[in-house]
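Visitor: Below are the structure tokens for one structure; questions will follow.
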Amino acid sequence: MKAKAFDTKVFKRIMVYTKPYQRMFNGVIIWAVALSVFSALRPFLLKQTVDGYIKTHDQQGLLYYILLMAGVLLMEVLSQFYFVYWANWLGQDIVKDIRNKLFKHMLTFRMKYFDNAPVGQLVTRTVSDIQSIAGIFSQGLFMIVSDLMKMIAVLVFMFCMNWHLSWIVMIAMPILVFITRIFQKKMQITFEMVRTEIANLNTFVQERVTGMKIVQLFTREKIEAEKFSAINDRHRHAWVKTILYNSIFFPIADIISSLTLACVVWIGGMQILNGNTETTFGDLFTYTMFIGMLFNPLRQIADKFNEMQMGMIAANRVFDILDTQDQIQDKGTVEAPEFTGKIEFQNVHFGYIPEEEVIKGISFQVKPGETVAIVGATGAGKSTIINLLNRFYELNSGAICIDGQNIHDYTLDSLRQQIAVVLQDVFLFADTIYNNITLNNPKISQEQVIAAAEKIGVRDFIMSLPDGFDYNVKERGAMLSSGQRQLIAFLRAYVSNPSILILDEATSSIDTYSEELIQKATETITKGRTSIVIAHRLATIVKANKIIVMDKGLIVEEGTHFELLNKADGYYKKLYDSQFLVENNTL
């Protein structure tokens, strides 16, 4: 798609975020006006000094004008300080508001969005892209406004002083404007390329660092390094193009400025030598300053415009996410009470891809306080049941009811507060054990956490760690074993006091000691509470009130452990026998 030189629609949308800071916005404009006036006034006072006092040897008048110029310089410095400080302050306030809005918006997305969106790309949008938006105000918009005002003020003073010499400058300006316009268009395209490759780099690095164990286990270091090098080369190529355009534009701008100054000095000097009183030595002194003040901002406007374009490209990417409506529809009006725990699946159909159903019309019921186990081969649809019960995904058809009420009737927050899940792959934040258990919920006290840990038998394990509950587990809980992470997840679920508990493959990859602790924890937290246990190791579900056997999205058997074992050619019996045989052969 052809890049726009200036996207008015995006710019207007960004400006909406300035409304809460209107007084500061107006203040920046006022300081920009003051800066332009004082900047242009200083060379004009120099002309008056040269023509009126140096030429006539008036020492008292010379001292007066030098003091006056010093005062103007002081006001220019103050105007510059407040203008730059407030412009950057405003930019950071706006960035803060957009970043907060973006992150809150992303928190509402359903799981399907995160299934398809690269993590590195989302990080780029939330951090570096949003920071680029600040440049619109700190280095772009206000700087352009200030430079334009400065140029207007300079032109006014120039025409008031000597209109003959001013027209020489005016003839050169359209040439520089035309070249600047071409430069802006080229730079906008290259900046788009740069932002794209930065997102690709972030995504690639994020995935490979996260999956570094797989990369090294399968000796993929050389291949991944080559892939990274290819992306890095594209990123370098995009930046080299920006360097090329800068290398061409700025020397041309300098040449035009120098030639204009030469013409002014030549023509003005000839007029003075020929006795033309309209041009004075003060004019030549002043014009050497005015031409720089006129052409440098024009040249810098191109650079500032590039900052704006980079900010607007970044803003456009951020707005794409803000415009994404991929939320679970929370239209429920009923606040979920403390459930008794009756769960009903009624002819539920679902597929992550609409054309490919994972759940094919299943129906079952879980009674209050009952522990129901769901077993089956990989891909049978076991874990999908968890996602549907928590409304991470929407059903294709059918209904799920809790305590006789469709889960869509409950508000999303209140529904999820009554359901706790312990996943096979436990995620822990880079924080203390205590904060990972409470998830910073102020309603859960440290006394409650310690008492709960004692009750389910994990307090000794936690206290054996340095700093106990204040031990920092680092990113993703890297300082703990998989079994220890599972124990933390059990405690996290227990202290939330849920009405319904779901255990997803909670003992599939842990050591014997941790399994014994988890078995004790399981018995404690499932007691008197409706529980759904998704298990790979069938020995862990012998005591379940009911076992549901799934295969290819369908329920193929239901019953207790002993009932299902008594079915001679039953699916569950084959699973159990094959697993028991494998375990015996490994002894």
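Visitor: Could you order ILE98, ILE54 by accessible surface area, starting with the largest, using a probe radius of 1.4 Å? Present the calculation step by step, with values, prior to reporting the outcome.
Guide: Numbers: ILE98 0, ILE54 85 Å².
Reading off the accessible areas and sorting them downward yields ILE54, ILE98.
Visitor: Could you sort the peptides 349-359, 374-384, 314-324 by per-residue average Cβ neighbour count (10 Å cutoff), highest mean leading? All intermediate terms of the calculation are to be shown ahead of the outcome.
Guide: On the way: 349-359: 14.3, 374-384: 19.1, 314-324: 17.4.
Put in order of decreasing packing, that is 374-384, 314-324, 349-359.
Visitor: A further question on this structure: Taking the chain as the reference, fit the longest principal axis to its C-alpha atoms, fit the long axis of helix 281-322 to the helix C-alpha atoms, and give the angle between the two in degrees, 0 to 90, nearest 10.
Guide: It is inclined by approximately 10 degrees.
Visitor: Follow-up. Rank-order 555-566, 487-498, 12-23 by packing density, defined as the average count of other C-beta atoms within 10 Å over each peptide's residues, highest first.
Guide: Values: 555-566: 15.7, 487-498: 23.1, 12-23: 13.6.
The peptides rank, most packed first, as 487-498, 555-566, 12-23.
Visitor: Which pairs break 20 Å Cα to Cα here: LYS96/LYS304; LYS546/LYS573; LYS382/LYS574? Show your work: numbers first, answer last.
Guide: Values: LYS96/LYS304 22 Å; LYS546/LYS573 15 Å; LYS382/LYS574 18 Å.
Flagged as over cut-off: LYS96/LYS304.
Visitor: Which aspartates and glutamates have a Cα lying under 19 Å from the Cα of LYS227, excluding residues fewer than 8 positions away in the same chain?
Guide: Candidates past the 8-residue exclusion: GLU197, GLU207.
Visitor: Here is a further query. With viscosity set to 1.002 mPa s at 20 °C, what whole-number translational diffusion coefficient in µm²/s follows for the stretch 280-392 from Stokes-Einstein and a Kirkwood radius over Cα pairs?
Guide: Working: Rh = 21.1 Å.
The diffusion coefficient I find is 101 µm²/s.
Visitor: Considering only Cα-Cα distances, which of the following residue pairs are longer than 31 Å: LYS112/LYS241; LYS104/LYS520; LYS527/LYS567; LYS331/LYS360; LYS19/LYS112? Mind dumping the intermediate values first?
Guide: On the way: LYS112/LYS241 38 Å; LYS104/LYS520 38 Å; LYS527/LYS567 29 Å; LYS331/LYS360 26 Å; LYS19/LYS112 35 Å.
Going by Cα-Cα distance, LYS112/LYS241; LYS104/LYS520; LYS19/LYS112 fall outside the 31 Å limit.
Visitor: Let me ask another. Ignoring ligands, DNA and RNA, how do TRP89, TRP266 rank by accessible area with a 1.4 Å probe, largest first? Don't skip to the answer; put the middle values down first.
Guide: Values: TRP89 120, TRP266 165 Å².
Of TRP89, TRP266, the descending order of accessible area is TRP266, TRP89.
Visitor: Hey, another quick one. Which whole-number percent is the relative contact order of the chain (Cα, under 8 Å, 6+ apart)?
Guide: Working: 816 pairs, mean separation 85.8, N = 587.
So the answer I get is 15 percent.
Visitor: Take every DSSP beta bridge with both residues inside the chain and express the antiparallel ones as a percent of the total, to the nearest 5.
Guide: On the way: 21 of 40 bridges.
Just about 50 percent of them are antiparallel.
Visitor: Divide, for the stretch 220-265, the radius of gyration over alpha carbons by 2.2 N^0.38 Å, where N is the residue count.
Guide: Values: Rg = 20.0 Å, N = 46, 2.2 N^0.38 = 9.4 Å.
Cα Rg divided by the expected 2.2 N^0.38 Å: 2.13.
Visitor: Something else now. Out of the total accessible area of the chain (probe 1.4 Å, heavy atoms of protein only), what percent is carbon and sulfur?
Guide: Working: 17850 of 30100 Å².
C and S fraction of accessible area: 59 percent.
Visitor: Leaving out ligands and nucleic acids, note down the accessible area per residue over the chain with a 1.4 angstrom probe, in whole Å².
Guide: 51
Visitor: Under 17 Å Cα to Cα from LYS222, which lysines show up? Leave out anything in the same chain fewer than 8 places away.
Guide: LYS213
Visitor: If I take the Cα coordinates of the stretch 12-129 and project them onto the principal axes, what are the three extents in Å, biggest first?
Guide: 82, 27, 20
Visitor: So if I take the centroid of the Cα atoms in the stretch 376-436 and the same for the stretch 200-252, what is the distance between those two points in Å?
Guide: For the stretch 376-436 versus the stretch 200-252, the Cα centre distance is 38 Å.
Visitor: Between helix 571-585 and the chain, what is the angle of the helix's C-alpha long axis to the longest principal axis, kept within 0 to 90° and rounded to the nearest 10?
Guide: With rounding to tens, the tilt is 90 degrees.
Visitor: Sorted by average packing, counted as other Cβ atoms within 10 angstrom per residue and highest first, what order do 570-577, 109-116 take?
Guide: Answer by packing, highest mean first, reads 570-577, 109-116.
Visitor: Can you pull the three principal axis extents for the Cα set of the stretch 258-313, in Å, largest first?
Guide: 56, 17, 12
Visitor: When only the heavy atoms of the protein chains count and the probe is 1.4 Å, how do ILE444, ILE179 rank by accessible area, highest first?
Guide: Values: ILE444 20, ILE179 40 Å².
Reading off the accessible areas and sorting them downward yields ILE179, ILE444.
Visitor: Would you please give the residues with an amide H less than 5 Å from that of LEU428, counting only those at least 5 places away or on a separate chain, with H modeled from the backbone geometry?
Guide: Excluding prolines and chain starts, which carry no amide H, the hits are ARG476, GLY477.
Visitor: Let me ask another. Leaving ligands, DNA and RNA out of it, work out the accessible area of ILE248 with a 1.4 Å probe and give it in Å² to the nearest 10.
Guide: Answer for ILE248: close to 90 Å² accessible.
Visitor: Using only the Cα atoms of the stretch 345-429, build the gyration tensor, take square roots of its eigenvalues as a ≥ b ≥ c, and label the shape rounded, prolate or oblate: rounded if a/c is under 1.5, else prolate if a/b is larger than b/c, else oblate.
Guide: Verdict is rounded for the stretch 345-429.
Visitor: Note the listed values (i) 149; (ii) 212; (iii) 160, then indicate which one is volume of the Cα convex hull per residue in Å³ calculated from this particular structure.
Guide: (ii)
Visitor: Along the stretch 99-105, what does the Karplus equation 6.51 cos²θ - 1.76 cosθ + 1.60 (θ = phi - 60°) give for ³J(HN,Hα), rounded to whole Hz, x for Gly and Pro?
Guide: Couplings: 5, 4, 5, 5, 5, 4, 5 Hz.
Visitor: LYS367: which aspartates and glutamates have alpha carbons under 18 Å from its alpha carbon, excluding same-chain residues fewer than 8 sequence positions away?
Guide: Of all the aspartates and glutamates, those that pass the test against LYS367 - Cα under 18 Å, at least 8 places apart if same chain - are GLU338, GLU344, ASP403, GLU523, GLU557, GLU558.
Visitor: Return the tail of the calculated pair distribution for the stretch 230-344, meaning the percent of Cα-Cα pairs more than 22 Å apart. Numbers along the way, then the final one.
Guide: Values: 4340 of 6555 pairs.
Value for the stretch 230-344 (Cα pairs over 22 Å): 66 percent.
Visitor: Quick one: how many Å² of TRP167 are accessible to a 1.4 Å probe, rounded to 10?
Guide: 130
The values are calculated or read from the model by the stated rules, or taken from the named source; none is laboratory data. For clarity, every value in this text was computed on a predicted model and none was experimentally measured. No Cβ is skipped: glycine too gets one built from the backbone with ideal geometry, and neighbour counts run over all protein chains shown. Keep in mind that these areas ignore ligands, DNA and RNA; they rest on the heavy atoms of the full protein, side chains included. Shrake-Rupley method; radii C 1.70, N 1.55, O 1.52, S 1.80 Å.
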